[in-house]
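Enquirer: Submitted below is the structure of interest, expressed as structure tokens.
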Amino acid sequence: MFKPLNRFKAIPQKHTSPWIIYLIVFGLTLHLTPALYINSSFLETIIAERTVGLIYSIASIITIFVLFFLMTKSLKKFGNYKTFIGTMIIEFIALALLAIAPSAPVVIIAFMVHFITTSVAYMSIDIFLEDGAKEESMGGTRGILLSTVAVAFAVGPLISGKILETGMFWLVYVLGMVMLSIVIFVSMMKLRNFKDPEYLKVNKEVILNNVFVHKNIYFAMQTGFMLRFFYAWMIIYSPLLLRGIGFDWSQTGLILAIGLIPFIFLDAPLGIMADKYHSERTLLSIGFIIMSLSCFAIFFAPPILNIFMWSSIIFFGRIGAAFLETASESYLFKNIKSNDLSVLTFFRTIRPVAYVIAPIIASILIPFFGIEGLFLVLGGYLLYGLRYSLAIKRI
């Protein structure tokens, strides 16, 4: 039976309550999600549609640099709590600039900062949560966290859909500032006594050994990347697809919100199931198959204004994503500790890497296949993911 590498030191410390982290991550996610699905359309008002993906790619490249170099240095010098609070203050300023939108260059820079700080914040959350979680219940812990995030994700499109009926994008970012203020306040009250672990060194050799040589972690990273590649295309291009069919912002927000319901109800039970039956491999495989079928359905569906049909397709795909997300995070975090910056950093760079690669590939494919054709390609790619889900070993 597979055993995690024995490379961590046991450091006595006062553990952070997972329930405090759940509360903070709910507010953190809710500040983000109303803007998440409209960012691409907002950027489209100041730059050409074909350039939107490029902005995401540039922001993602910068994010990778920040996570690998600045984030790890900040954690060692200032600790996770100060790094998190500082990141949230920078994010607040970026949202303020997006709200007032003084000029196109300022908006683009503010969006990039907003994109970067989000990745940094969730890496800090991983460290806070890992600090207080037990390995034998990691699936349930990550499942509850993902369900909490899902609730905020489901509410977000509904809020943005209603706000955008007024045509005022800036209100979405003001709402984000309000929610972020609450996150900062709660974090300062509840996390200020956090005791940092002795963070392990991060360099090329450590990353290669801990991520690429350790095949099971490598396979978990691959499944995580494919999931975030799926998210990148869905977040950037599904609103454009729905708007192109003729849905207004309120209808688009409703469809996307319905599609997120599976995460609310499935993540926690799936995490508990993974703990009890060590079933991550099976859950991953089911997830890949369902997500692939959903992408094929998007491609073959008639372009008609039918909220029920499109909600059902998106809903079905998110069932598969819930399987994949819960199982991949459960498997990965059962094999690492909060001080393993090499794996944590690499894991959090998966999202920006996906946002670099996905828009580039999409920009190449759109002239030949159209936006609808992107989902046919994505469906085939997800089926390839079975190669990784069937290769991992049970813990």
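Just so you know, all these numbers are worked out from the coordinates, no wet-lab data involved. Computed from a predicted structure; not experimentally measured. With ideal geometry, Cβ positions are generated from the backbone for all residues, glycine too; neighbour counts draw on all protein chains shown.
Enquirer: Only one of the values (1) 54, 52, 31; (2) 63, 55, 40; (3) 57, 45, 35 was calculated from this structure for Cα extents along the principal axes in Å; name its label.
Expert: (3)
Enquirer: Now a separate question. Enumerate the whole-percent occupancy of each 5 Å bin, from 0 to the last occupied one, for all C-alpha pair distances of the stretch 276-383.
Expert: The distribution over the stretch 276-383 is 2, 11, 16, 18, 20, 15, 9, 6, 3, 1, 0, given as percents.
Enquirer: Which whole-number percentage describes the relative contact order of the chain, with Cα contacts under 8 Å and a sequence gap of 6 or more?
Expert: 30
Enquirer: Turning to a different aspect of this structure: Using the Cα centre as the reference, give the magnitude of the dipole from point charges on the C-beta atoms of the chain (Lys, Arg: +1; Asp, Glu: -1; all else neutral), rounded to the nearest 20 debye.
Expert: Rounded to the nearest 20 debye, it is 1200 debye.
Enquirer: With respect to the cross-link table entries 82/201; 195/334; 73/201; 201/393, which display a Cα-Cα separation exceeding 18 Å?
Expert: 82/201; 195/334; 201/393
Enquirer: To the nearest 20 debye, what charge dipole does the stretch 214-335 have about its Cα centre, counting +1 at the Cβ of each Lys and Arg and -1 at the Cβ of each Asp and Glu?
Expert: 200
Enquirer: Another one. Grab the DSSP H runs of the chain that are 4 residues or longer, score each as -39,500 (n - 2.57), total them, divide by all residues and round the 222 nm result to the nearest 500 deg cm²/dmol.
Expert: Roughly -26500 deg cm²/dmol at 222 nm, from the helical runs in the chain.
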